[in-house]
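Engineer: Just dropping this structure here.
Derivation of every value follows stated rules applied to the coordinates shown; laboratory data play no part. This is a predicted model, so every value here is computed, not measured. So basically every Cβ, Gly included, is an ideal-geometry build from the backbone, and we count neighbours across all protein chains shown.
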Amino acid sequence: MNDQTASVIDQILSLKTWAVVGLSNNQERAAYKVAKTLIDKGHKVIPIHPKAETVHGQKGYAKLSDVPEKIDVVDIFVNSELAGAVVDEAINQNAKAVWLQLGVIDQVALDKAKAAGLLAVMDRCPAIEYQSRAHS
């Protein structure tokens, strides 16, 4: 990993309020486990899922635009072909950063986020990043 990517990841991990797109109560999904790690690390997590479920005691919303508070980071756990639309929503919500999870690849969406002034990371996982920082 280059220093620039490490710096961006550090900046994003320092942000408080994370909207996790694709987060439901399915405990088998990576989003469920990553959200728990984020909460354990002191972040506020807002579940975003069509079912708008409450997850880990956090009130969920069907879409980003329904969230009444300021979102710092939009963590994207959707298929790559849906990521661009989520990035557009993140830009419209004035988020500070987008995080495209492991396996979520959309270079155009990543470039669009950066062009709009957002911190952006792709194909990485915040839980793994926290783990690697604990051991370094």
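Engineer: Mind listing whichever residues of segment 43-76 are within 12 Å of the chain's Cα centre (by Cα) and of a type outside the set (A, V, I, L, M)?
Structural biologist: Residues satisfying the conditions are HIS43, LYS44, PRO47, ASP72, ASP75.
Engineer: Looking at (1) under 20 Å from PRO68 (Cα atoms); (2) free of Cβ contacts under 8 Å to residues at least 60 places away in the same chain, which is the one condition that is false for VAL21?
Structural biologist: (2)
Engineer: So how many residues does segment 57-74 have that are out of contact with any helix residue (DSSP H, G or I) (no Cβ under 8 Å at 6 or more places or on another chain) and either surrounded by 19 or more Cβ atoms within 10 Å (Cβ to Cβ) or more than 18 Å from ALA30 (Cα to Cα) (or both)?
Structural biologist: 10
Engineer: Of the residues in segment 27-56, how many are loosely packed, with under 14 Cβ neighbours inside 10 Å and either closer than 15 Å to GLN101 by Cβ or among the small types (Gly, Ala, Ser) (or both)?
Structural biologist: The number of residues fulfilling the criteria is 2.
Engineer: When you scan segment 75-123, how many residues do you find that are crowded, with 22+ Cβ neighbours inside 10 Å, among the β-branched types (Val, Ile, Thr), out of contact with any Leu (no Cβ under 6 Å at 6 or more places or on another chain) and under 18 Å from THR17 (Cα atoms)?
Structural biologist: Number satisfying all stated conditions: 3.
Engineer: Return yes or no: is VAL86 touching a strand residue (DSSP E or B) at 6+ places or on another chain (Cβ under 6 Å) and either in contact (Cβ under 8 Å) with a residue 60 or more places away in the chain or closer than 14 Å to THR5 by Cβ (or both)?
Structural biologist: Values: touching a strand residue (DSSP E or B) at 6+ places or on another chain (Cβ under 6 Å): yes; either in contact (Cβ under 8 Å) with a residue 60 or more places away in the chain or closer than 14 Å to THR5 by Cβ (or both): yes.
Yes; evaluated as a whole, the condition is true for this residue.
Engineer: Also, I was wondering about something else. Would you confirm, using the coordinates I've provided, whether LEU15 is closer than 20 Å to GLN93 by Cβ and assigned to a loop (DSSP other than H, G, I, E, B)?
Structural biologist: Here the answer is yes, as LEU15 does meet what is asked.
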